[in-house]
Structure formats: structure tokens, C-alpha cells
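So the structure is just underneath, and the comments pick up after that.
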Amino acid sequence: MPAVDAFRIEGGHPLSGEVQVVGAKNSVLKLMAAALLAEGRSELTNVPRISDVEIMAELIIRLGCEVHLFPEERRLTIDVPEVLQHRADYDLVRQMRASVSVLGPLTARLGAADIALPGGDAIGSRGLDMHLTGLERMGAKVTSQHGYLMTSAPEGLTGASHWLDFPSVGATETLLMAGVTASGTTVIDNAAREPEIVDICRMLVEMGAQIEGIGSSTLTITGVDQLRPVSHRTVGDRIVAGTWAVAAAITGGQVTVRGIEPTCLELPLAKLALTGAEIGWLPDGFQVTGPDRPQAVDIVTLPYPGFATDLQPQFIALNALSDGVAMVTENLYESRFKFVNELVRLGADVRIEGHHALIRGRERLSGAPVEAADIRAGASLVLAGLVANGETIVTDIHHIDRGYDDFEQDLRALGAVIERVSSEEYLVEVPAPL
Ligand code: EPU
């Protein structure tokens with residue numbers, strides 16, 4: 001049977017209703033890694049049903065843990081043994097860069113980690129220099145051989161002061177997880193402040209870690225001898241929530257989004273208000289009522305609390321249909337505009353100059369086959385498909401499945417016409433001319 005690897009979308013149906021957002025991909029993967037720091041059974045709830053969680057589970061199983069997934073209950077348990085393996089293989093790391101988040105916990109607990117180098121991906125090269133120099137400052141020896149990064153700290157890690165060149169999410173997490181059981185005090189200055197970092201800090205504190213400055217750009221960690229396993233609820237996914245907000249605005253519909261602390265989306269929602277959307281604030285979410293036609297809105301991506309790069313592609317899709325001209329500036333990833341070529345296939349008018357995209361709004365887009373190159377690009381193409389005339393086929397949707405729990409079911413419940421199909425049915429290979 002051919003793989004059901006594409007979405008077929010019929011454009012032109014405004015979304016209306018309510019959607020419940022579950023836990024954040026970019027939190028739960030790191031919470032799973034953090035569980036490695038304590039022997040015994042940890043439990044995570046509000047776990048999204050996404051393929052990245054399955055990949056992380058496989059990686060953790062190969063490290064010697066038992067992992068039980070309860071997808072219907074949005075829950076998982078991890079049983080961490082006394083003795084762990086310390087190697088993360090390329091076949092998993094290449095599928096999911098977040099595998100690197102076991103680097104800190106393994107180095108902390110075992111004094112050694114061998115992690116396959118993740119390489120670049122569709123959105124850019126994505127270095128690890130701050131993770132590695134940070135671990136070196138804490139006494140680890142770091143080498144690289146045959147495509148693997150190897151850390152060694154047989155005497156254990158020692159607390160150190162770090163000043164990050166850039167508030168990197170990943171480097172903050174690595175040094176945080178390395179610091180919680182290091183001897184002495186670790187200070188991370190210019191630390192990332194994303195809500196997912198706050199979530200990991202909270203879990204680590206529940207496990208017995210001592211962390212001050214949670215949510216600020218200076219984290220001070222006093223190392224403790226041992227951590228204990230816990231049960232922790234994953235913070236709601238602000239990027240998925242933001243995607244629903246754009247879905248309401250772009251289709252001129254009305255969507256209530258629950259399961260999220262709305263202040264973590266203050267800036268994207270303020271930008272949506274500038275497009276003419278009405279925003280209602282709720283204690284556990286928000287409501288977006290889309291305008292007849294959005295006004296163009298400029299975006300500049302920056303680390304939190306700046307505008308999230310993971311919502312940039314969705315806002316480009318919105319601007320593609322706007323009344324006016326918008327400038328979108330991407331400051332985190334050098335290749336995150338690559339997907340724009342697919343949006344152009346749907347009729348968007350976008351010009352790229354370095355890390356700026358100039359979007360001239362069109363009155364309508366027109367359905368076509370397009371390819372999802374990464375999670376957020378895929379979501380953006382689906383949003384464009386919801387308003388394009390006729391039929392849009394989005395292929396390579398395994399990328400979307402990496403980060404969106406029940407995406408098309410939720411879209412259908414809100415009134416979208418979308419189904420999973422085999423791309424083979426729609427993309428007929430035409431033989432090359434002789
Ligand atoms: N960077 C370096 N050196 C480092 C660390 C980072 O040069 O040592 C650069 C990267 O190359 C990249 C930028 O800094 O250009 C951002 O990196 P950061 O470490 O902040 O991001 P990350 O931890 O690799 C996480 C999310 C991304 C999200 C970014 C920024 C996860 C699994 N991934 O990546 O999410 O875009 O933070 O907010 O948490 C997504 O979900 O679609 C996604 C890509």
C-alpha cells in the first residue's frame with residue numbers, strides 16, 4: 001500500500017471553534033533528557049503525540065532505560081537504571097537534532113557521552129560551539145572523531161561561570177543539566193529565557209536541583225549530590241498555539257485556543273492585532289477573530305521574549321494574502337526562507353534579500369502541489385492551502401508529524417477540508433523528454 005504521506009486541502013473554509021493545545025515539543029524532548037539525571041521512574045504528562053517523542057523514547061531506550069508511552073493519555077514513564085549507556089547513534093540523531101540534549105545529562109551522570117554529530121538541517125547549519133566550550137569550562141574534555149562528539153569527565157563536572165555569546169536555547173539547556181549535579185556553583189549569563197527553559201528549570205527543581213533566576217537571563221545553579229525522579233506536566237506548546245492563531249486570522253475565522261499561558265504569545269498576538277484580527281484573552285488561552293483581509297505586518301525574529309523564529313513561516317503565509325507590503329527579518333537561521341519557493345508556487349509574491357523577505361500581499365493564492373521541508377514550513381504551507389483557491393497537496397508531511405499532535409483532525413473539527421492521502425496519487429511522474 002502506498003504511504004499516506006501528503007495532505008490534500010480544499011481551500012476557502014473559514015475555521016471556527018475551539019482547540020486544545022497539548023505539551024510543547026521543544027519542552028518535552030528536553031524533559032525526557034532531564035529524567036536521565038535521576039535513577040528511578042519519572043513520569044511526564046501533557047505529552048504531545050508526535051513522532052519526535054517516539055524518536056527520543058527510542059534513543060533513551062538504547063541508553064538502557066525502559067520507556068512506556070501512553071499516547072491516548074498523553075503521558076509517558078521513563079525508568080532510569082543505575083547504570084546507563086553513553087552513546088547516541090547517528091541513525092537517531094540525524095532524524096532529530098534535539099537528541100543532542102542528552103549530552104549534558106550523560107556527561108553529568110556518567111562522566112562521558114558519545115553523541116553523533118547532528119550536522120545541518122533544512123533551516124541552517126546550527127552550531128554546537130557554546131555547548132562544548134561550556135562543558136570544557138566545567139572540566140570535561142571534548143573531542144570529535146569519526147562523526148561523533150565525545151565528552152570525558154571521569155572526575156565529574158565542576159561548576160563554572162558562562163557568558164553565552166547568544167542566548168542559545170540548546171546551550172542553556174546543556175549547561176543547566178550539566179550544572180545541577182556539578183560540584184560548586186554554575187552561573188549562566190545571557191541565558192535563553194524561553195518558556196520551555198522555565199519548564200525544564202521547574203522540573204529540575206522538583207527533582208531537587210537548586211536554581212535561582214528562573215525565567216531571567218542569569219541562572220545560578222548550586223550543584224547537589226543527587227536528584228530524585230518526579231512526575232511533571234509539560235508546558236503547553238506556544239508555537240502550536242501561535243499556528244492556530246494564524247490559522248484563524250488567515251481564514252477570517254474565529255478560533256478559541258486553550259491549554260497555554262497566553263502571555264508567552266504576547267508579541268505574536270500583538271502582531272496579529274495589527275493585521276486587524278481581534279484578540280480576546282482567556283486565563284488558559286486566547287481567542288482570535290480574523291479580519292476580512294489582513295493588513296501587512298512587519299516581523300523581526302529574536303530570542304524570547306522577541307518574536308519566535310518558529311512562527312516566522314506562518315506569518316509569511318499570512319502576509320502573502322495581506323493588503324500591503326511587509327518586511328520579515330530572520331535573525332536565527334540562515335536558511336529558514338528556503339520554503340518560500342513553495343509558497344511562491346501557491347501564488348505568493350516574496351522577494352528574499354539576505355535575511356530579509358519582502359512580501360507583497362496578493363488578494364488570493366491558488367492551490368498547487370508543494371513540499372514541506374521542515375515542521376514550521378510545513379505548517380505554513382498548510383495554512384496557505386486553507387485559503388488557496390482549489391486544491392493544495394502538501395507532501396513530506398512527516399515533518400509536520402514531528403511537531404503537531406493530531407493536526408488534521410483538529411483542523412477538520414474546526415471546519416477545514418483536509419485529508420491524508422498518498423502523494424503518489426497526486427504527483428504523477430512524467431517521463432523526461434528524450
Ligand atoms: N548556535 C550556535 N552555536 C551554539 C548554539 C546555537 O551557533 O552553540 C546557533 C544555531 O546555529 C542557530 C541559533 O544559534 O542558528 C539558535 O540556536 P538555539 O541553540 O537557540 O536553538 P536550538 O536549541 O538548536 C531550539 C528549538 C528550535 C528553535 C530554537 C530557537 C528545540 C528542539 N529546537 O533549537 O525549534 O527554533 O530553539 O528558538 O528546542 C522547531 O521547533 O521547529 C525548531 C527549529
Quiz item: If you build a Gaussian network model of the chain, linking Cα atoms that sit under 10 Å apart, which residue out of Q312, Q254, Q95 swings the most?
Solution: Q95
Quiz prompt | Kirkwood-type radius of the stretch 225-267, with distances r between different C-alpha atoms, in Å | solution = 12.5 Å
Quiz item: So, in nm, how far is label V417 from label R94 when the simple model puts each one 7 Å beyond its Cα toward the Cβ?
Solution: 4.1 nm
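Order of 96-107, 258-269 by packing, highest average Cβ count within 10 Å first? Intermediate results must be reported in sequence, preceding the final value.
On the way: 96-107: 25.7, 258-269: 18.8.
Going from most to least packed, we get 96-107, 258-269.
Do the sum for the chain: with -39,500 (n - 2.57) for every DSSP H run of n ≥ 4, divided by all residues, what is the mean residue ellipticity at 222 nm, to the nearest 500 deg cm²/dmol? Intermediate values should be presented prior to the final figure.
Numbers: 15 runs with 133 residues, N = 434.
Rounded to the nearest 500, the figure is -8500 deg cm²/dmol.
Defining a contact as two alpha carbons under 8 Å apart and six or more residues distant in sequence, what relative contact order in percent does the stretch 25-233 show? Each step should come with its number before you reach the end.
Numbers: 457 pairs, mean separation 43.1, N = 209.
In percent, rounded to a whole number, it is 21.
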Quiz item: Which of H146, H355, H398 moves most in a GNM of the chain, Cα contacts under 10 Å?
Solution: H146
Quiz item: Of V370, V421, V350, which is the most mobile in a GNM of the chain whose springs link Cα atoms less than 10 angstrom apart?
Solution: V421
Practice problem: Keeping the other protein chains in place, figure out the carbon and sulfur percent of the accessible area of the stretch 25-233, with a 1.4 Å probe. | Solution: 46 percent
Exercise. Compute the distribution of all C-alpha to C-alpha distances in the chain, in bins of 20 Å from 0, and list the percent of pairs in each, rounded to whole numbers.
Key: 26, 55, 18, 0
Quiz prompt | Protein-only accessible surface order, largest first, of H13, H131 at 1.4 Å | solution = H13, H131
Exercise. Starting from the Cα gyration tensor of the stretch 1-159, multiply each eigenvalue by 5, take the square root, and state the resulting semi-axes largest first in whole Å.
Key: 32, 20, 15
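How do 53-60, 245-252 rank on mean C-beta neighbours within 10 Å, highest first? The partial results should precede the final answer.
Values: 53-60: 22.0, 245-252: 27.4.
Descending mean neighbour count gives 245-252, 53-60.
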Self-check item: Label-point separation in nm, W163 to A270, each point 7 Å along Cα→Cβ
Solution: 2.9 nm
Quiz item: What's the angle, to the nearest 10 degrees (0 to 90), between helix 51-62's Cα axis and the longest principal axis of the chain?
Solution: 20 degrees
Quiz item: Quick one: accessible area per residue over the stretch 31-169, 1.4 Å probe, rounded to a whole number of Å²?
Solution: 43 Å²
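Filter the GluC sites (Glu not before Pro) in the stretch 100-208 down to the DSSP loop ones having no more than 14 other Cβ atoms within 10 Å, then list what survives. Can you show the working numbers first?
Values: sites: E136, E155, E173, E196, E206; in loops: E155.
In loop regions of the stretch 100-208 (DSSP not H, G, I, E or B), the sparsely surrounded GluC sites (Glu not before Pro) are E155.
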Quiz item: Sorting Y404, Y90 by accessible area (1.4 Å probe), largest first, what list results?
Solution: Y90, Y404
Practice problem: Could you tell me which of P167, L204, V180 has its Cα farthest along the dipole of the stretch 59-213 towards the positive end, charges placed at Cβ (Lys, Arg +1; Asp, Glu -1), taken about the Cα centre? | Solution: P167
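Once the piece of chain linking N341 and S217 is laid out straight, how much longer is it, given 0.36 nm per residue of separation minus the C-alpha distance between them?
On the way: separation 124, 0.36 × 124 = 44.64 nm, distance 3.65 nm.
Length gained, N341 through S217: 41.0 nm.
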Practice problem: Using Cα centres only, tell me the gap between the stretch 225-255 and the stretch 41-119 in whole Å. | Solution: 21 Å
Quiz item: Looking at V421, T218, G354, which one has the Cα that reaches farthest to the positive end of the dipole of the chain (charges on Cβ: Lys, Arg +1; Asp, Glu -1)?
Solution: T218
Quiz item: If contacts are Cα pairs under 8 angstrom and at least 6 residues apart, what is the relative contact order of the chain in percent?
Solution: 21 percent
Exercise. Check the chain and count each lysine pair with an alpha-carbon distance under 24 angstrom, considering only pairs eight or more places apart or from different chains.
Key: 4
Practice problem: At most 11 other Cβ atoms within 10 Å and a DSSP loop assignment: could you name the GluC sites (Glu not before Pro) in the stretch 324-423 that fit? | Solution: E363
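Using 0.36 nm per residue, how much length does the chain from Q145 to D129 gain when fully extended, once their Cα-Cα distance is taken away?
Numbers: separation 16, 0.36 × 16 = 5.76 nm, distance 1.57 nm.
Between Q145 and D129, full extension yields 4.2 nm more.
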Quiz prompt | Fraction of antiparallel bridges per DSSP, the chain only, in percent to nearest 5 | solution = 75 percent
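The values are calculated or read from the model by the stated rules, or taken from the named source; none is laboratory data. Just so it is clear, the structure is predicted and the values come from calculations on it, not from any experiment. Neighbour counts run over all protein chains shown; Cβ positions are idealised from the backbone, glycine included. When the accessible area is computed, the model is the full protein with side chains, heavy atoms only, and any ligands, DNA or RNA have been set aside. Shrake-Rupley method; radii C 1.70, N 1.55, O 1.52, S 1.80 Å.
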